[in-house]
Structures are given as C-alpha cells and as structure tokens.
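Here the structure comes first, spelled out in structure tokens, and everything after it is commentary.
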Amino acid sequence: MKAKPIPGNNDLSKILIQWSLRQLSTLGYTLKHNQPETIQNTPWSYVARFATSDGTIYLKQTPELLALEAPITQILYNQFNAAVPTIIAYNPELHCFLMKDAGQPLRAVLKQQFDERLLSKAIEKFTSIQLTVVDHIEVFLELGVPDWRLNKLPDLFKQLLNQKKFLMADGLSETELVELESLLPTLTNYCKKLSNYAIKETLVQCDFHDNNILIAESSQAITFIDLGEIVISHPFFSLVGCLRQAKRHHGLTEQDVEYQQLMSACFENFIPFESEQYLLKAFGIAQTLWFAYESLAQQRLFNACNKSDFISYQRHGKLRDSLKGFITACQKY
C-alpha cells in the first residue's frame, strides 16, 4: 500500500528530485522515465526509485537527526567492506543520498516460502559486521552515533521516565510510571550483569529485521539497509528485535525448530567468546533489557520527526507498550 504524502512536503520532494536528476546526469546515467516512483513518504523517510540505463537507483532522505545513514553506510562500505548499499551521491545539506539497487526485501521472499537458512545466513553476516567494528566504535561515536552502552542505559532510561507528560499522553498511567521508576535499580543491575559477559558493545541497528535486509535475485547476496538509527550498545539488542519480528511476521514460536536454528545463528559468531550456556543466559538478560532499549529508540524516532506528522502515522501507545513490556519482563526474569 502506498504511503499517504506528508502535508506540505511537496516542495521538498521536488528539490530532492531535481538534485537527484542533476547527480544522475553528471554520473552518466540515462533515465528510462522522466519522473521517479515514490516508494515511501513518511515522517522518518522519503524514498524514490529511478529507473535508469544502468539499473535502479534509489533516493533516500531523512530528518536531520537521522541523517547519519549515508556517512555510516560509507564508513562501513569503505573501511570495513561491509554488506551495505553502494552510495553514489550524498547531499549533507538536504540529508539525502542516492544508492544502487541491491535486491528485494528478504521478508518478501520468506513470505512466499519461509527458509530459516536464508535468515540465518543474514544474521550471521550481520553479527560478523558487529564483531568486525567492535574495536573501532570510536569512529562512529566521533561521527555522532549515539552512545547507548550498558553503563549509560540506566541514566538514559531515567531521562525518558522524567518526561511524564509525554509518556502519559501515549497512554502510560501514573501507577505504571511509579513502577517503572522503582525498577531503575533493577535495570542498573541487569546492565551490570550483561556487561560481565565477554561480549563487547558495538553497532546496534534498531530496525534489524528481514524487511531491512535485501537479497539479490541472481547472486543471493545479502545487503543491510536502513542504518540511520544505529547506536553503540550491546549487539544482542539487534538480535532480540530480529527474532521478535520473525515470530510476528512468520508465525514462529520459540518451540519451533526453525526458531531454534535462528537462535543458533545469532550465537554462531559469539561462540569463541562465551560458551553456548553463557550466551543463552546473556541473551535472556538482553531480552529483558531490550524493552528499555526499544523505548529509547522510539523516543529518538519521535524527537527526530515532525511531531504532528509522526503522531498521525505512528500507532498510539507503542511507546507505552514497550515500557509496560519492560515491567512484565522484569517480573518474569
């Protein structure tokens, strides 16, 4: 379903397209059609597709506070040979860039016939990137990537809870706020426990799931997209989110063999650092902390976007549900 346009955003779209057309012409591309096709137009992302003589080219523009996507992608591509899009042009003033086509979303393929091997391959490739950059996180921190390492998570979460009017407007009750505040020592304790395992903090993609993983039809090459919301934190947060999405979109349960195989893929590259038994324990802690981390990610997205536009798009109560999820997870763990 095509997204509805953002009111008052037509002028910006025209500017973005004009810039894209100039860049494509300079780079020697010939358009097959005069105008691009709008793929997405939301408060957090505008994406258009150009059909050219040398394949499909995508234009993407984001709000200023999420505009690190192009620099992050370029660093991962140039310095770490990561499986990310090839960017051919970048405009920091307009917060937009052009990138080459890298295939279709993996979710579309898996919806036709679920194959845990494909998703496992992508998970292992992603964790490989996380481990490759683990000793180079300063490069990303200097770029402006948020620092959400475990020793900083409690203070960040406390700052979020201090925004009482904002949280109550999203449906959180005063009683729930009080309970969340009482769980701050528990949150700190979980962060300390998780940091005791020999798993270093690194790049974490807030939206790591099969719809942000592209797969090329002929080569089956995997490419990771939508990297603008990356933070520095515990690598398991990306994996927890990915498995939750797999359960939601592919009907998996934790008892399914396919789910267990995906779990094994999550751990594959971390086995040299901890035993599988300890990885399972660490993952259990990460599953609880994920709700706090996810709440911060939702707040960040809200702060980056036009508030009225965001509210008209985003489901009411989504942040509330994440915070309530943390209360429930603490009770279970």
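No lab work stands behind these numbers, since they all come straight from the coordinates. Quantities reported herein were computed from a predicted structural model and do not represent experimental measurements. Please note: Cβ atoms are built from the backbone with ideal geometry, for glycine as well, and neighbour counts cover all protein chains shown.
Tabulated values for the structure
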quantity: Karplus-derived 3J(HN,Hα), 6.51/-1.76/1.60, for each residue of the range 89-96, Hz, glycine and proline x; calculated: 7, 9, 10, x, 6, 8, 6, 9
quantity: Kirkwood Rh (inverse of mean 1/r, distinct Cα pairs), the range 54-208, angstrom; calculated: 18.9 Å
quantity: Point-charge dipole on Cβ atoms (K/R +1, D/E -1) for the chain, about Cα centre, debye to 20; calculated: 600 debye
quantity: Listed values [x] 18.3; [y] 17.4; [z] 15.5, entry calculated as mean projected area of the Cα convex hull in nm²; calculated: [y]
quantity: The range 23-61 versus the range 131-156: alpha-carbon centroid distance in Å; calculated: 32 Å
quantity: Inter-site label distance for N151 and R117 at 7 Å from Cα along Cβ, in nm; calculated: 4.4 nm
quantity: Phi to ³J(HN,Hα) by Karplus 6.51 cos²θ - 1.76 cosθ + 1.60 over the range 215-223, Hz, x for Gly, Pro; calculated: 10, 6, 5, 7, 8, 6, 5, 9, 9
quantity: Peptides 61-69, 305-313 ordered by average Cβ neighbours within 10 Å, highest first; calculated: 61-69, 305-313
quantity: Cβ-based charge dipole, the range 1-103, positive-most Cα from L59, L21, P36; calculated: P36
quantity: Contour minus Cα-Cα distance for Q18 and K193 (0.36 nm per residue); calculated: 57.8 nm
quantity: Residue-by-residue Karplus 3J(HN,Hα) for the range 280-296, coefficients 6.51, -1.76, 1.60, Hz, glycine and proline x; calculated: 5, 5, 4, 5, x, 5, 4, 5, 6, 5, 4, 5, 5, 4, 5, 4, 5
quantity: Rounded to 5, the percent of DSSP beta bridges in the chain classed as antiparallel; calculated: 95 percent
quantity: Sorted largest first, extent of the range 1-119 alpha carbons per principal axis (Å); calculated: 44, 36, 34
quantity: Computed helical MRE - 222 nm, the chain, DSSP H runs ≥ 4 contributing -39500 (n - 2.57), nearest 500; calculated: -16500 deg cm²/dmol
quantity: Segments 292-304, 254-266, 115-127 sorted - mean Cβ within 10 Å per residue, highest first; calculated: 292-304, 115-127, 254-266
quantity: Stokes-Einstein D (µm²/s) once Rh is taken as the Kirkwood radius of the range 125-211 over alpha-carbon pairs, at 4 °C in 1.567 mPa s; calculated: 85 µm²/s
quantity: Dipole-positive endmost among H136, P92, S120 within the range 89-170 (Cβ charges, Cα centre); calculated: S120
quantity: 22 Å Cα-Cα threshold exceeded, pairs from K121/K332; K158/K318; K164/K281; calculated: K121/K332; K164/K281
